[in-house]
Amino acid sequence: MRKTNVSKLYETYPHLTQIDELWGTRDCREYLKRLMNDTRDGHRRGFPGDHARTILRLLMEHDREFPQFEESITSDWRAAVGESRGEVQG
């Protein structure tokens, strides 16, 4: 059961109820991440602060509950550094 209160978020943005359908999946994490980033070449206005914080809380809660879908920044960084040095990842 999710702890983050989404009632105001869903009241203002009813299409975001899709989060409930995706909860617990890799697709949910990707969806939440896309909501927090500009995917419209600078034409996205973004969410008001309260709603942005709710989405961020949802992302953090999802990562805590389903760590298998969380991206590993450290391993991504190591892979990028290795590639820049010409090392082969195995």
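The values are calculated or read from the model by the stated rules, or taken from the named source; none is laboratory data. Quick caveat, the model's predicted, so the values are computed rather than measured. Note that each Cβ is placed from the backbone with ideal geometry, even for glycine, and that neighbours are counted across all protein chains shown. To get the accessible areas, we keep the full protein, side chains included, count just its heavy atoms, and leave off ligands, DNA and RNA. Shrake-Rupley method; radii C 1.70, N 1.55, O 1.52, S 1.80 Å.
Tell me whether the stretch 70-88 contains one or more residues that are at pLDDT 90 or above and surrounded by 11 or more Cβ atoms within 10 Å (Cβ to Cβ).
no
Considering only residues that are at pLDDT below 95 and acidic (Asp, Glu), look in the stretch 31-62 and name the one that is surrounded by the most Cβ atoms within 10 Å (Cβ to Cβ).
That would be Asp38.
Output the residues belonging to the stretch 1-26 that are open to solvent by 70 Å² or more (accessible area, probe 1.4 Å) and aliphatic (A, V, I, L, M).
Within the stretch 1-26, Met1 is the sole residue that qualifies.
So, in the stretch 5-39, how many residues would count as being aliphatic (A, V, I, L, M) and in contact with a Ser or Thr (Cβ under 9 Å, 6 or more places away or on another chain)?
The number of residues fulfilling the criteria is 2.
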